[in-house]
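Notes to accompany the following structure.
The values are calculated or read from the model by the stated rules, or taken from the named source; none is laboratory data. Quick caveat, the model's predicted, so the values are computed rather than measured. A quick note on method: Cβ atoms are made from the backbone with ideal geometry, for glycine too, and the neighbour counts reach across all protein chains shown.
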Amino acid sequence: MAQKAYKVGLKDGKIAIEGVDGFSIDIEDPKLNVGKLYSALFAGIDEPTTISLEPTTELKQDRKAFSFFESLKKIVDGACEKMNPGLADIAKKAEGLDADDVAKRS
């Protein structure tokens, strides 16, 4: 499964995804443009793909911005689950395998 990871930070009073043009959320007037989000992250995907968003340290330190980031992350995670219906099962199996590995080492 393909993976894409993005850093999300603050730029000029807006939440922005590093390396992605055309998408941001203004912290003072937060509005999510779903079409721009789709174009920014999902438009070019043609295979099962996980997308992860990681906040920069600066973003983590801004409570208001971080709360918007958490909402954005939930939306992206939910979209990935819908696009990759077996992803949740794969994650559960992987967690089980990790637990088995820990048990075997004990």
Worksheet entry | Conditions (1) part of a strand (DSSP E or B); (2) over 22 Å from ASN84 (Cβ atoms); (3) touching a Gly at 6+ places or on another chain (Cβ under 9 Å); number of the one not met by ILE25 | (3)
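Looking for something at pLDDT 85 or above, part of a loop (DSSP other than H, G, I, E, B) and touching a Leu at 6+ places or on another chain (Cβ under 7 Å) - is there at least one such residue anywhere in the stretch 65-73?
no
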Discussion item. Take the residues in the stretch 2-49 that are over 16 Å from the mean Cα position of the chain (by Cα) and on the phi > 0 side of the Ramachandran plot; name whichever of them is modelled with the lowest pLDDT.
Written reply: GLY22
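Name the residues in the stretch 29-58 that are touching a residue at least 12 places away in the same chain (Cβ under 8 Å) and either in contact with a Phe, Trp or Tyr (Cβ under 8 Å, 6 or more places away or on another chain) or under 16 Å from SER71 (Cβ atoms) (or both), would you? Outline the logic, then answer.
Taking the stretch 29-58 first, the residues touching a residue at least 12 places away in the same chain (Cβ under 8 Å) are 30, 32, 36-37, 39-42, 45, 47-56, 58.
Selection gives PRO30, LEU32, LYS36, LEU37, SER39, ALA40, LEU41, ILE51, SER52, LEU53, GLU54, PRO55.
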Worksheet item: Of the residues that make up the stretch 86-102, is at least one loosely packed, with under 14 Cβ neighbours inside 10 Å, in a helix (DSSP H, G or I) and modelled with pLDDT of 90 or more?
Response: no
